[in-house]
1. Taking Thr258 as meeting all but one of (1) in a helix (DSSP H, G or I); (2) farther than 22 Å from Gly57 by Cβ, write down the number of the exception.
2. Of the conditions (1) touching a Ser or Thr at 6+ places or on another chain (Cβ under 6 Å); (2) part of a loop (DSSP other than H, G, I, E, B); (3) within 24 Å of Ser62 (Cβ to Cβ); (4) not acidic (Asp, Glu), Thr156 fails just one. Which one is it?
3. Just give me the residues in the stretch 106-142 being part of a strand (DSSP E or B), under 30 Å from Asp203 (Cα atoms) and of a type outside the set (S, T, N, Q), in sequence order.
4. So, in the stretch 218-255, how many residues would count as being in a helix (DSSP H, G or I) and either closer than 13 Å to Glu197 by Cβ or in contact with a Pro (Cβ under 6 Å, 6 or more places away or on another chain) (or both)?
5. Please find, within the stretch 75-89, the residue that is farthest from the chain's Cα centre (by Cα) out of those that are crowded, with 20+ Cβ neighbours inside 10 Å and part of a strand (DSSP E or B).
6. Scan the stretch 166-188 and tell me whether some residue there is charged (D, E, K, R), within 26 Å of Ser241 (Cβ to Cβ), at pLDDT below 95 and crowded, with 18+ Cβ neighbours inside 10 Å.
7. Every residue in the stretch 112-134 that is in contact with a strand residue (DSSP E or B) (Cβ under 6 Å, 6 or more places away or on another chain) and more than 29 Å from Ser66 (Cα to Cα), please.
8. Asp234 fails exactly one of the following numbered conditions: (1) under 16 Å from the mean Cα position of the chain (by Cα); (2) under 29 Å from Ser127 (Cα atoms); (3) charged (D, E, K, R). What is the number of that condition?
Amino acid sequence: MTKQNMIIPTIGAVVLAGFIAACTGGGGGGTISPPPPSSPTPTSSPVLSGTMQVATGGTVGSFTYSPAANATVVFSCGCSTQAGTATADGSGAFTLVAASTPMPASPNPTYTIVPGRNYVVVATSGSGAEGWTAQFAGRIPSHNQSLGANTSDVYTAAVSLYVFNNSGSGPTGFDDWNFNALAAWYTQLNTAPNGAETKLLNDIAAQSVANKTLYPGAPSWDPAHSSNATIKADLASVKTSGDATIPTPCPGGEANCTGTPTP
């Protein structure tokens, strides 16, 4: 199992603070090597973007959705006690900028997206329903990676919730997973989910319809956040369900990930 849940600020202390907030360092496939001296330094990816929606009903094969209009968006590499924030527009479209307002406001003044890392993205609608997805941040926009068509759905929620629930704390967090493996499992969930996976998918939709949080546990950036026991139990069942395509963190952490997306 290999790995490659997720732009650079200005200078001086702001750079240092921002990089600490977003877990500075190589990710998404180990240490990011600098380009050859004869090559121009790639411009860091200015944004991550996509569209968020929330489930409004249905079961596997027939889920329905509505845009996460004007939803609050939080995103994190899972490797610090802060996350970045944004707001979706009326269609659910979001843009995660290079240095965003952090949640909570301290210890760092900004949250910085670091190329080569995985980010879990969560949109919460005004009614409390959530949409979840994950993205990989490349050094340039064309290297960014997303699940499926870059629109959140029940399946992207299942993948990102699984990563959230099975990531250890520490300096790498969600970056211990090969994004290519996450994308492969997303495809498997869409085509042939097993029994435990089907229950998880259906429960994600049902909990969304009930405007309940999907978090299986409180995140480090919001320790007072409520959690969902149904989703947590489903995720535990999926982990032992025997699906060979279910991803696992890279053995030994992100430094040992190979065959990952190009930063």
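The values are calculated or read from the model by the stated rules, or taken from the named source; none is laboratory data. In this text, all values refer to a predicted model and were calculated from it rather than measured experimentally. Note: ideal-geometry Cβ built from the backbone for every residue, glycine included; neighbour counts use all protein chains shown.
1. The number of the failed condition is (1).
2. (2)
3. Tyr119, Val120, Val121, Val122, Ala123, Glu130, Gly131, Trp132, Ala134, Phe136
4. Residues flagged as in a helix (DSSP H, G or I) and either closer than 13 Å to Glu197 by Cβ or in contact with a Pro (Cβ under 6 Å, 6 or more places away or on another chain) (or both) within the stretch 218-255 amount to 8.
5. Among those that are crowded, with 20+ Cβ neighbours inside 10 Å and part of a strand (DSSP E or B), it is Ala86.
6. So far as the stretch 166-188 goes, yes, one or more of its residues are charged (D, E, K, R), within 26 Å of Ser241 (Cβ to Cβ), at pLDDT below 95 and crowded, with 18+ Cβ neighbours inside 10 Å.
7. Within the stretch 112-134, Thr112 is the sole residue that qualifies.
8. (1)
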